[in-house]
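Engineer: Below is a structure I'd like to ask you about.
The values are calculated or read from the model by the stated rules, or taken from the named source; none is laboratory data. Please read all numbers here as calculations on a predicted model, not as lab measurements. Here Cβ is always computed from backbone atoms with ideal geometry, including for glycine, and neighbour counts include all displayed protein chains.
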Amino acid sequence: MSIAYLKQRLNVSVERFSEPAQAQNKFARPHKLIKTLDIIERRFDDMENAQPIEEKIINSIKKLEKSGIDYLTKRDWKNLAWSLSKKLPHYEDKILFTFVGSKLINQFKNMQPALLKAVYFPLLYSYFAVEQDEINKRPNNWLELKNILSNNRSSLFQTTTRPKKWLTTLTDHPELLSADPSKKFIRNFLHNSDKDRVSNQLESLSIAPNSWFWDSLVSSSIKSVKTMREDDYLEAIPRFLRLLEQNPIYTKDILTALLERYPTAQQAEFKRNNAGRFKRIVGKSNAANAFMIKIGGFYIVEFSEMNNATYFYRKLPYPPFQGKTGKVEITSLKSTSQAQFYLSHQGAWEKSFDRRLQELGIFPD
């Protein structure tokens with residue numbers, strides 16, 4: 001007897017022994033029992049979607065290779081669906097990106113709906129469990145997996161009497177299986193005061209921390225700077241700076257996006273939003289706008305105008321009295337003698353920038 005059926009029978013019994021209008025007076029609903037059933041049900045769901053140990057996955061793969069698909073049980077198929085997200089012994093890549101993965105994807109593509117329903121969540125987990133670099137190298141199997149999930153999502157929901165939380169989440173956000181999966185989440189990611197809002201929204205999907213999805217969300221957010229309204233752009237700057245500090249790998253992309261957009265922003269609004277942090281550059285120079293950010297032990301000064309280098313200082317480049325007046329001499333910001341080093345934006349400057357960041361101890365995740 002299923003938990004859902006037990007709850008249904010319980011409710012029917014209560015209603016049978018009292019009139020609907022008097023149910024609450026004549027018969028108290030067994031709230032504690034219903035609450036306990038809900039807890040048991042959630043635990044059952046967690047167990048149902050728990051990843052099997054590696055040994056069981058390996059045994060199912062061996063069974064497939066030795067005896068073919070005719071001898072596989074439903075549990076074997078679930079193990080094989082989980083296997084797509086794993087890098088197992090004797091395989092150089094995760095199973096999804098191997099020849100075995102190609103064979104499995106073909107089987108899942110032609111699988112009967114009833115069996116596909118049982119393996120859908122492990123397939124969904126595998127879809128999110130890979131990194132962007134892995135997809136870039138061998139995208140075909142991953143794209144086929146996405147198509148399988150997308151083509152069967154709606155029918156799975158419609159034929160499920162009592163959808164699990166993850167299925168409801170996926171149904172509410174079908175764009176997760178589209179060509180632009182992170183677009184809808186950009187605003188919450190950048191402008192919501194709760195920095196974990198998006199991850200909380202998608203918690204039931206168990207998206208891995210190193211998933212391609214989070215990389216896509218950050219990259220899409222950076223690209224969105226070009227099309228933001230000015231108010232949104234100015235509001236998003238502190239969020240981007242925090243993101244840069246937490247993820248130095250995006251330093252170049254974030255600074256470039258902010259500085260390219262900066263000249264179009266309203267100066268008065270920028271001053272109001274950054275009171276105390278905004279200072280006026282004085283002195284003769286073609287550099288009228290600049291950002292300064294501290295990463296590790298370095299103050300980095302980047303100018304928005306062309307033909308200006310990026311300067312790296314070990315200490316604040318201008319004296320304290322200049323900070324108090326709200327004015328900073330351009331010679332303090334562009335001091336080749338005081339800077340630890342500086343990089344010009346000529347030739348293959350991006351590679352030079354990356355190399356120097358690595359020398360500072362800033363590496364990609």
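Engineer: Yes or no: residue 199 free of Cβ contacts under 8 Å to residues at least 12 places away in the same chain and either more than 11 Å from the chain's Cα centre (by Cα) or within 30 Å of residue 138 (Cβ to Cβ) (or both)?
Structural biologist: In short, yes.
Engineer: Taking segment 65-119, which residues are polar (S, T, N, Q), under 23 Å from residue 211 (Cα atoms) and part of a loop (DSSP other than H, G, I, E, B)?
Structural biologist: 85, 98
Engineer: For segment 189-239, name all the residues that are under 16 Å from residue 178 (Cβ atoms) and in contact with a Lys or Arg (Cβ under 7 Å, 6 or more places away or on another chain).
Structural biologist: 220
Engineer: Further, regarding this structure: Helices (runs of 4 or more DSSP H) wholly in segment 315-365 with at least 3 residues that are out of contact with any Lys or Arg (no Cβ under 9 Å at 6 or more places or on another chain) and under 22 Å from residue 246 (Cβ atoms) - which ones?
Structural biologist: Here the list reads 349-359.
Engineer: OK, next. Restrict the check to segment 146-159 and report whether at least one residue is part of a loop (DSSP other than H, G, I, E, B), of a type in the set (Val, Ile, Thr) and surrounded by 18 or more Cβ atoms within 10 Å (Cβ to Cβ).
Structural biologist: The answer is no; no qualifying residue exists.
Engineer: Enumerate the pairs (first residue in segment 57-72 and closer than 20 Å to residue 91 by Cβ and of a type in the set (Val, Ile, Thr); second residue anywhere and modelled with pLDDT under 95 and surrounded by fewer than 17 Cβ atoms within 10 Å (Cβ to Cβ)) with beta-carbon separation below 8 Å, excluding pairs fewer than 6 apart on the same chain, so at least 6 apart or on different chains.
Structural biologist: 57/88; 58/88; 58/89; 61/88
Engineer: Related question: Checking the condition closer than 23 Å to residue 260 by Cα, without any contact (Cβ under 8 Å) to a residue 60 or more places away in the chain and more than 36 Å from the chain's Cα centre (by Cα), which residue from 334, 324 passes?
Structural biologist: Within the list 334, 324, the selection yields 334.
Engineer: Right, here's the next one. Looking at residue 337, is it of a type in the set (Ser, Thr, Tyr) and modelled with pLDDT under 80?
Structural biologist: When the stated conditions are applied, residue 337 does not pass them.
Engineer: Just give me the residues in segment 120-141 being in a helix (DSSP H, G or I) and crowded, with 20+ Cβ neighbours inside 10 Å, in sequence order.
Structural biologist: 120, 121, 122, 123, 124, 125, 126, 127, 141, listed by residue number.
Engineer: Within segment 290-308, can you find the residues that are under 28 Å from the mean Cα position of the chain (by Cα), within 18 Å of residue 358 (Cβ to Cβ) and exposed (fewer than 15 other Cβ atoms within 10 Å of the Cβ)?
Structural biologist: 296 - this is the single residue of segment 290-308 that is under 28 Å from the mean Cα position of the chain (by Cα), within 18 Å of residue 358 (Cβ to Cβ) and exposed (fewer than 15 other Cβ atoms within 10 Å of the Cβ).
Engineer: Assigned to a helix (DSSP H, G or I), in contact with a Phe, Trp or Tyr (Cβ under 6 Å, 6 or more places away or on another chain) and either over 26 Å from residue 233 (Cβ atoms) or modelled with pLDDT under 80 (or both): does that describe residue 271?
Structural biologist: Answer is yes for this residue.
Engineer: Any residue in segment 162-174 that is in the same structural domain as residue 127 (by TED's automatic domain parsing) and under 15 Å from residue 207 (Cα atoms) sitting within a Cβ distance under 8 Å of a residue that is β-branched (Val, Ile, Thr) and surrounded by fewer than 15 Cβ atoms within 10 Å (Cβ to Cβ)? List the pairs, counting only those 6 or more apart or interchain.
Structural biologist: Pairs found: 167/160.
Engineer: Anything in segment 205-232 that is among the small types (Gly, Ala, Ser) and in a loop (DSSP other than H, G, I, E, B)? List them, or say none.
Structural biologist: 206, 208, 211
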